[in-house]
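Below is one structure; the comments refer to it alone.
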């Protein structure tokens, strides 16, 4: 099984790189938000909660007696707004239940290295009249997980929402410590989890995670006749994000043919232009509009031609400046919409400055909210209007 997994992962990586290189060859541009900064989007996470072991005989124990503490410490990195990798150390203790049936790892007749009929735990715990007993385990599970942002996938990468749902799947290595007769043991685990996350500040998140680890039946030193056993842990935690959190808006790169047509058109216009003194315009006019989704300050996709046209105009008119007027539809309160419209204008300003190199002295940004809605159709007012003026 392991021999099959490795070629599949390598093949997937090669295919992904081929797709990325193909996209660059077609567009002549290099993505800036994938692998451009390996030091960004790292985080550290700590959590604490409770867990329950599900083993063959555990149902015979009162549920309250099966609950034990669970702690986790996690480090990870998001490689895009959609997926990331993490390394988590999780565990502490299990409360289990055993009967007289089974064979055991700690067999003193063979140096304690093979399974046999002797139960090493029975001398360390209280035995019930029927021969059963409650036993105690101490363990830690180190696992590497692939995780993905479910809400970002559904929102197509718009990362301005404070909430997120993050499933994860991975493989781990569990170590069982010798404790009250339980022998030392190691086992491979399959790990699955789902986390609900809320962004408190730019640097901190609050999260609630539910996870399970699936391990072989003999992980606790006893073979009881099941194929596997598992636990369920629920933890409440805090995530700290190091500097450079977040990703730039993913650019839909323009094919070279489109760029060539634009440049050829500009060249032709320059050739046929009559060299006269440039007429100074007195009235501002709207040059472009940048659209947004409901309750979002991240621009919609496929609007790169708007940015290109703005930049080309500014290059051809060195005295021109632009004003970004952010608007919002009338849904919600006036105060919230004013704040949202300002964030929209600032986001567009940052794109023009950081992605296209426009001088900040040539850009003004303001939020107008719902005052003076430019369009009758409500949805159209989720917009930033780009107005040209001269001083």
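The values are calculated or read from the model by the stated rules, or taken from the named source; none is laboratory data. Treat the numbers as computed from the prediction; the structure is a model and nothing was measured. We place every Cβ from the backbone using ideal geometry, glycine too, and count neighbours over all the protein chains shown.
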Review point. Would you pick out the residues in segment 75-94 that are surrounded by fewer than 21 Cβ atoms within 10 Å (Cβ to Cβ), in contact (Cβ under 8 Å) with a residue 40 or more places away in the chain and within 29 Å of the chain's Cα centre (by Cα)?
Key: 76, 79, 80, 82, 83, 84, 85, 86, 87, 89, 92
Check your understanding: What about residue 197, is it closer than 24 Å to residue 43 by Cα, outside any strand (DSSP E or B) and at pLDDT 70 or above?
Key -> no
Check your understanding: Are any residues in segment 39-53 buried (at least 17 other Cβ atoms within 10 Å of the Cβ) and out of contact with any helix residue (DSSP H, G or I) (no Cβ under 7 Å at 6 or more places or on another chain), and if so, which ones?
Key -> 40, 41, 42, 43, 45, 47, 49, 51
Check your understanding: Before we move on, is residue 366 modelled with pLDDT under 95 and closer than 19 Å to residue 291 by Cβ?
Key -> yes
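For (1) modelled with pLDDT of 85 or more; (2) out of contact with any strand residue (DSSP E or B) (no Cβ under 9 Å at 6 or more places or on another chain); (3) on the phi < 0 side of the Ramachandran plot, each residue gets a yes or a no:
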residue: 204; (1), (2), (3): yes, no, yes
residue: 216; (1), (2), (3): yes, no, yes
residue: 219; (1), (2), (3): no, no, yes
residue: 222; (1), (2), (3): no, no, yes
residue: 225; (1), (2), (3): no, yes, no
residue: 232; (1), (2), (3): yes, no, yes
residue: 236; (1), (2), (3): yes, no, yes
residue: 242; (1), (2), (3): yes, no, yes
residue: 245; (1), (2), (3): no, no, yes
Review point. Just for segment 159-168: of the residues that are part of a strand (DSSP E or B) and surrounded by 14 or more Cβ atoms within 10 Å (Cβ to Cβ), which one is modelled with the lowest pLDDT?
Key: 164
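Scan segment 113-124 and give yes if some residue there is touching a residue at least 24 places away in the same chain (Cβ under 8 Å), in contact with a helix residue (DSSP H, G or I) (Cβ under 8 Å, 6 or more places away or on another chain) and in the same structural domain as residue 69 (by TED's automatic domain parsing), otherwise no.
Step one: list which residues in segment 113-124 are touching a residue at least 24 places away in the same chain (Cβ under 8 Å), which gives 115, 119-124.
Going one step further and asking which of them are in contact with a helix residue (DSSP H, G or I) (Cβ under 8 Å, 6 or more places away or on another chain), we end up with 115, 120.
Retained after the next criterion (residues that are in the same structural domain as residue 69 (by TED's automatic domain parsing)): 115, 120.
Within segment 113-124, one or more residues are touching a residue at least 24 places away in the same chain (Cβ under 8 Å), in contact with a helix residue (DSSP H, G or I) (Cβ under 8 Å, 6 or more places away or on another chain) and in the same structural domain as residue 69 (by TED's automatic domain parsing).
So which of 96, 64 ends up being at pLDDT 75 or above, out of contact with any strand residue (DSSP E or B) (no Cβ under 8 Å at 6 or more places or on another chain) and in the same structural domain as residue 204 (by TED's automatic domain parsing)?
64
Could you list all residues from segment 305-315 that are surrounded by fewer than 17 Cβ atoms within 10 Å (Cβ to Cβ) and in contact (Cβ under 8 Å) with a residue 12 or more places away in the chain? It would help to see each step written out before you state the result.
Narrowing segment 305-315 to residues surrounded by fewer than 17 Cβ atoms within 10 Å (Cβ to Cβ): 305, 308-309, 311-313, 315.
Once the filter is applied, which keeps residues that are surrounded by fewer than 17 Cβ atoms within 10 Å (Cβ to Cβ) and in contact (Cβ under 8 Å) with a residue 12 or more places away in the chain, segment 305-315 yields 305, 308, 309, 311, 312, 313.
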Point to revise | Residues located in segment 358-391, provided they are outside any strand (DSSP E or B), in contact with a helix residue (DSSP H, G or I) (Cβ under 9 Å, 6 or more places away or on another chain) and touching a residue at least 12 places away in the same chain (Cβ under 8 Å) | key: 358, 362, 370, 373, 374, 382
Check your understanding: Has segment 180-195 got at least one residue that is surrounded by fewer than 16 Cβ atoms within 10 Å (Cβ to Cβ) and free of Cβ contacts under 8 Å to residues at least 24 places away in the same chain?
Key -> yes
